Amino acid sequence: MTSITNGLNNYAQYGAAYARTAGAQTSLATILNGNSDDVLPGSSSNAATQLTLSAAARAQLAGSSKDYSAVISDSRAAIDKLYKAANVTAPYDDSGKPKIDLSGLDRRALFAIASNAGGRFTDAEQTLAATTRIAQFNDALSPATQTAKLIGDYSTVYKAAASYLDGASSEEKATPTWQAERAAITKGLAATQSDPSKIPAGISNDPVAAYLARYPSGSSTTATKDFGSVAKQARATLDDQAAQATAAGKLLVYDPARKTGQQADLSVLDNRALSAISLNKDDLFSQEEVFAAKRELDGRNRASILTALKQSQTSGNPADFSLGLLNAYSGMSAEERTATNWTPAFRDNAVHSYKATTSLLSMLKRG
């Protein structure tokens, strides 16, 4: 049996069960280059039970200042709660399909599970945490990869990877694998400064090059569930909040100006779920719910635009504003783009703006 210890794990060493099926992996680049479709996250079953955590619960799990032993205990409790909700005792069924969904846990919790921190997690739990972590990495790089295809600049993918790795916990950063891959990304960034149109080659432990070799047009893990199923799940979430409000003797309300009643918490819904409510294709939602979803989406939309603007201001590169918008566009499902009115014409204008600004800046540097 392959032994997994807390000090030697990152993306590559994802749990004893994964190691047995994939061999002695040493880096994310190796995983992405290998034939491991059977465990990569794109194959996750929609039947897996996902526990919708409240904002407070997510904040509690996510706190980087929390003692690591508490993270381990909370992660163990979260898995057990998922088992109870799904009425199962293991993460996979007999056919190998996942029956629970760990995507509601934060990166620090997933790292603790995947690395079997404290010896509290089974081989199968480590494997599921591993595939969930790969899915998060894929999701982080996919929008930038699609953007790179539009603008012919692969530095954006390396920047996305650097940002993702830099968001790791201190425990994850202490691993040799994280350090090797972060160093590889730094080399990749430097190489793309010389020729952004080419993917750097020959860099050891480069997870970006491995990802691009496997997914040259970007991976698709965020919009695999049928949109009708997304709407039904959103309906169930709102119904559950309404039932909780009723049990407390209150009415679930959607207007933040209301002084009475229990405010609906739309923060637990992702953008695709909010889009399902906003578009209301199957007439599952009231006009009040549709309006509230549109308002929440608009707020998130403004936040993404402001993030792109701030990035441009921070870097001092005006082209980064268009780049940020393109990354946001690439990260949306088709339904999200429809709900937020981010059209292909909007995308094309952002591409033109990026290329024009980059060209002007290049002329100024030469001058």
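The values are calculated or read from the model by the stated rules, or taken from the named source; none is laboratory data. Model, not experiment: these values are computed from the prediction. Here Cβ is always computed from backbone atoms with ideal geometry, including for glycine, and neighbour counts include all displayed protein chains. When the accessible area is computed, the model is the full protein with side chains, heavy atoms only, and any ligands, DNA or RNA have been set aside. Shrake-Rupley method; radii C 1.70, N 1.55, O 1.52, S 1.80 Å.
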(message) List the trypsin sites (Lys or Arg not before Pro) within the range 224-294 that DSSP assigns to loop and that have no more than 16 neighbouring Cβ atoms inside 10 Å.
(response) 225, 250, 258, 259, 281
(request) With only Lys, Arg, Asp and Glu charged, each at its Cβ (+1 for the first two, -1 for the last two), find how big the charge dipole of the range 231-367 is about the Cα centre; round to the nearest 20 debye. (result) 620 debye
(message) Over the Cα atoms of the range 257-336, what radius of gyration and what Dmax do you get, in Å?
(response) 15.5, 47
(request) State, to one decimal in nm², a quarter of the convex hull surface area for the C-alpha atoms of the range 229-367, i.e. the direction-averaged projected area. (result) 10.0 nm²
(message) As a test of understanding, state the convex hull volume per residue of the range 162-209 from its alpha carbons, in Å³.
(response) 62 Å³
(request) Pull up the cross-link candidates among the lysines for residue 250, meaning alpha carbon to alpha carbon under 22 Å and not fewer than 8 places away within one chain. (result) 259
(request) Would you mind pulling out the separation of the Cα centroids of the range 314-330 and the range 232-251, in Å? (result) 39 Å
(request) Taking H placed 1.01 Å from N in the peptide plane, check which residues at least 5 places from residue 252 or on another chain put their amide H under 5 Å from its amide H. (result) 262
(message) Tell me the relative contact order for the range 95-244 as a rounded percent, counting alpha carbon contacts under 8 Å between residues six or more apart.
(response) 22 percent
(request) Would you work out the relative contact order for the range 147-199, in percent, from Cα pairs under 8 angstrom that are 6 or more residues apart? (result) 52 percent
(message) Would you calculate the convex hull of the Cα atoms in the range 83-175 and tell me its volume per residue in Å³?
(response) 115 Å³
(request) Go from 0 up to the bin containing the longest alpha carbon distance in the range 198-307, width 5 Å each, and give me the % of pairs per bin. (result) 2, 11, 16, 16, 14, 11, 8, 7, 5, 5, 3, 1, 0
(message) Calculate the FRET efficiency for residue 193 and residue 226 from the Cβ-Cβ distance with a Förster distance of 45 Å, rounded to the nearest 0.05.
(response) 0.60
(message) Set the bar at 20 Å for Cα to Cα. Now go through 232/281; 99/232; 159/198; 187/355 and name every pair that lies beyond it.
(response) 187/355
(request) Quick one: what are the phi-derived ³J(HN,Hα) couplings along the range 101-107, Karplus 6.51/-1.76/1.60 with θ = phi - 60°, whole Hz, x for glycine and proline? (result) 10, 8, 5, x, 8, 7, 4
(request) Over the range 188-299, calculate the relative contact order: mean separation of alpha carbon pairs under 8 Å at least 6 apart, over the residue count, as a percent. (result) 20 percent
(message) Please compute the Kirkwood hydrodynamic radius of the range 185-256 from all pairs of different C-alpha atoms, in Å with one decimal.
(response) 16.8 Å
(message) Whole-Hz ³J(HN,Hα) for each residue in the range 74-82, computed from phi via Karplus 6.51 cos²θ - 1.76 cosθ + 1.60 with θ = phi - 60°, x for glycine and proline: what do you get?
(response) 5, 5, 4, 5, 5, 5, 4, 5, 5
(request) Run the 1.4 Å probe and let me know the accessible area of residue 343, rounded to the nearest 10 Å². (result) 50 Å²
(message) Using the basic label-point model (7 angstrom from Cα toward the beta carbon), what is the residue 258 to residue 173 distance in nanometres?
(response) 4.3 nm
(message) At R0 = 30 Å, how high is the FRET efficiency between residue 251 and residue 85 if r is their beta carbon distance? Nearest 0.05 is fine.
(response) 0.70
(message) Please report Rg (one decimal) and Dmax (integer) in Å for the Cα set of the range 132-201.
(response) 12.4, 36
(request) Give, in nm to one decimal, the length gained when the segment between residue 286 and residue 352 is fully stretched (0.36 nm per residue of separation minus the Cα-Cα distance). (result) 19.8 nm
(message) Taking a cut-off of 13 Å, what percent of all Cα-Cα pairs in the range 242-295 are separated by more than that?
(response) 60 percent
